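Student: Submitted below is the structure of interest, expressed as structure tokens.
Each value in this text was obtained by applying a stated rule to the coordinates, not by laboratory testing. This is a predicted model, so every value here is computed, not measured. Here the Cβ positions follow ideal geometry from the backbone for every residue, glycine too, while neighbour counts run over all protein chains shown.
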């Protein structure tokens with residue numbers, strides 16, 4: 001089974017929103033999740049390639065991530 005849910009906030013960083021974090025924990029528990037992977041940094045913009053902008057293009061709303069390696073944060077030559 002695959003389950004996906006997204007949490008958004010216009011007011012604050014969701015990583016530090018206690019209410020949203022409780023919702024995430026509830027979602028994990030409700031789906032009997034055994035393993036969770038987490039990164040120690042933001043690894044890209046929140047927009048989805050092929051949905052919010054064309055496949056193979058850079059997100060027009062997040063120029064910071066254009067031509068940038070999402071894992072190192074360094075610009076790609």
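Student: When residues of region 35-63 are filtered for being surrounded by 10 or more Cβ atoms within 10 Å (Cβ to Cβ) and either over 20 Å from residue 9 (Cα atoms) or over 15 Å from the mean Cα position of the chain (by Cα) (or both), how many remain?
Tutor: Residues flagged as surrounded by 10 or more Cβ atoms within 10 Å (Cβ to Cβ) and either over 20 Å from residue 9 (Cα atoms) or over 15 Å from the mean Cα position of the chain (by Cα) (or both) within region 35-63 amount to 7.
Student: Check 24, 28, 20 and return the single one that is in contact with a helix residue (DSSP H, G or I) (Cβ under 7 Å, 6 or more places away or on another chain), part of a helix (DSSP H, G or I) and surrounded by 10 or more Cβ atoms within 10 Å (Cβ to Cβ).
Tutor: 20
Student: Looking only at residues that are over 13 Å from the mean Cα position of the chain (by Cα) and part of a loop (DSSP other than H, G, I, E, B) in region 1-17, which one is surrounded by the most Cβ atoms within 10 Å (Cβ to Cβ)?
Tutor: Checked region 1-17; the qualifying residue surrounded by the most Cβ atoms within 10 Å (Cβ to Cβ) is 17.
Student: Of the residues in region 65-77, how many are exposed (fewer than 12 other Cβ atoms within 10 Å of the Cβ) and within 19 Å of residue 39 (Cα to Cα)?
Tutor: Residues that pass the stated criteria total 4.
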